[in-house]
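The structure under discussion appears below in the form of C-alpha cells.
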C-alpha cells in the first residue's frame, strides 16, 4: 500500500535530490579533469568532458546543445560548455 506524500514535501524532496545530483556531477567533472592533470579548475568544458561528467554520450550532449537545453559557445573551432550551463541544465524545471 502506497502513501501519497503531500505536494509540497514531494517538491522539496525533488529539489533536494536535483541539488545533490548537480553537486555530484560537478564533483565528478572536477575529479575527471584532475585525473587528466589539469592544474586549474576550468570554467568551461569541451563536449567530451561534459559528456563524461554528465554520464551521457557526446551525441546526447550535442542534441541538448542543439535544442537549447544546454548552453554552449563557440570559440574558434571548439564548442565549449560553461560550468554554469551544466548547473543550469541539471537544475529542476518547473
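The values are calculated or read from the model by the stated rules, or taken from the named source; none is laboratory data. Note that the coordinates shown come from a computational prediction; the quantities given were computed from them, not determined experimentally. Don't worry about glycine lacking a Cβ; one is built from the backbone with ideal geometry, like all the others, and counts go over all protein chains shown.
Just to be sure, is residue 55 under 22 Å from residue 30 (Cα atoms) and free of Cβ contacts under 8 Å to residues at least 60 places away in the same chain?
Working: under 22 Å from residue 30 (Cα atoms): yes; free of Cβ contacts under 8 Å to residues at least 60 places away in the same chain: yes.
Against the criterion (under 22 Å from residue 30 (Cα atoms) and free of Cβ contacts under 8 Å to residues at least 60 places away in the same chain), residue 55 qualifies.
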- Query: Which condition breaks for residue 56 when tested against (1) at pLDDT below 90; (2) assigned to a loop (DSSP other than H, G, I, E, B)?
  - Reply: (1)
